[in-house]
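Engineer: Take this structure, written in structure tokens, and hold onto it; I'll ask about it next.
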Amino acid sequence: AKVVANLRNGENFRGGPLSWFEPRIARSLALMGDATQALSGRAGDLPAINHQPQQDGLLRLVHETTLATVPYKEPEKFQAFVDHKGLDSSALPDPDYPLSEGYRRFAKALIRVGDPKGSDSFSGMETEFVALKNPYRDTLYGGLPVRLYYQGKPRADAQVELYERAPDGAVTRYWLRTDTKGEVHIPVQPGHSYLADAVVLRLPDAALADERN
């Protein structure tokens, strides 16, 4: 059967579905074993992603957005965002307000297709989680180990915000930190869904900042 997936903008596993819109998509892939397939769609497709797997295994959907911007008129609101995500605001010395934040999203979903053979691996995104065990096949005593990458290297001492959704729909949030190897263990329970989030804050390239201002 086809695998269909919605792109959602929100939090706590909630948010309205977004249709396929090419200008907002930098890269969208389906990875199975050593095979890579670029995903495509027509403008307005909802669900946005429709993929026909050709074999059993651990399917990895990878989706990157293009750059979007959001304005912050008040320093308090931007600082609240920085504090919530556990970020170091020293990367932005004395910002001027209103402040324009440029952001991109890098998302991955691990999906079981039949016999979930295979494993996750680094797909080359700017920032990316990689599961070090197969969540559908391996023993997960002590949790699911994942490694956080940034620009191809493990990212140590980074905040990871974890959302856990129970079968009854209740959502719980946890805050974890990666170790010196960029790894963290996600406590998992059968029948629950998990979403891990980590954010990087940095100054934009000068040319990009001029283009977007």
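The values are calculated or read from the model by the stated rules, or taken from the named source; none is laboratory data. What you see is a predicted model; the values in this text were computed from it and never measured. So basically every Cβ, Gly included, is an ideal-geometry build from the backbone, and we count neighbours across all protein chains shown. These area figures cover heavy atoms from the full protein model, side chains too; ligands, DNA and RNA do not enter into them. Shrake-Rupley method; radii C 1.70, N 1.55, O 1.52, S 1.80 Å.
Engineer: Would you mention how many residues in the stretch 136-149 are surrounded by fewer than 18 Cβ atoms within 10 Å (Cβ to Cβ) and within 17 Å of the chain's Cα centre (by Cα)?
Structural biologist: Matching residues across the stretch 136-149 total 1.
Engineer: Give the residues of the stretch 145-193 that are in contact with a Pro (Cβ under 9 Å, 6 or more places away or on another chain) and part of a loop (DSSP other than H, G, I, E, B), sorted by residue number.
Structural biologist: Once the filter is applied, which keeps residues that are in contact with a Pro (Cβ under 9 Å, 6 or more places away or on another chain) and part of a loop (DSSP other than H, G, I, E, B), the stretch 145-193 yields Thr178, Thr180, Lys181, Gly182, Val188, Gly191, His192.
Engineer: For Ser119, all conditions in the list (1) open to solvent by 60 Å² or more (accessible area, probe 1.4 Å); (2) at pLDDT below 95; (3) assigned to a loop (DSSP other than H, G, I, E, B); (4) not β-branched (Val, Ile, Thr) hold save one; what is the number of the exception?
Structural biologist: (2)
Engineer: With a cut-off of at least 3 residues that are open to solvent by 80 Å² or more (accessible area, probe 1.4 Å), modelled with pLDDT under 95 and touching a strand residue (DSSP E or B) at 6+ places or on another chain (Cβ under 6 Å), name the strands (runs of 3 or more DSSP E) lying wholly within the stretch 1-107.
Structural biologist: none
Engineer: Quick one: which of Tyr72, Tyr149, Tyr103 is hydroxyl-bearing (Ser, Thr, Tyr) and within 18 Å of Val184 (Cβ to Cβ)? Explain how you work it out, then say what you get.
Structural biologist: On the way: Tyr72 fails: within 18 Å of Val184 (Cβ to Cβ); Tyr103 fails: within 18 Å of Val184 (Cβ to Cβ).
Answer to the selection: Tyr149.
Engineer: Going by the conditions given, is Lys73 more than 30 Å from Ala206 (Cβ to Cβ) and touching a residue at least 24 places away in the same chain (Cβ under 8 Å)?
Structural biologist: It is false that Lys73 is more than 30 Å from Ala206 (Cβ to Cβ) and touching a residue at least 24 places away in the same chain (Cβ under 8 Å).
Engineer: Does the stretch 166-175 contain any residue that is of a type outside the set (Ser, Thr, Tyr), surrounded by fewer than 18 Cβ atoms within 10 Å (Cβ to Cβ), in contact with a Gly (Cβ under 9 Å, 6 or more places away or on another chain) and closer than 20 Å to Leu87 by Cα?
Structural biologist: yes
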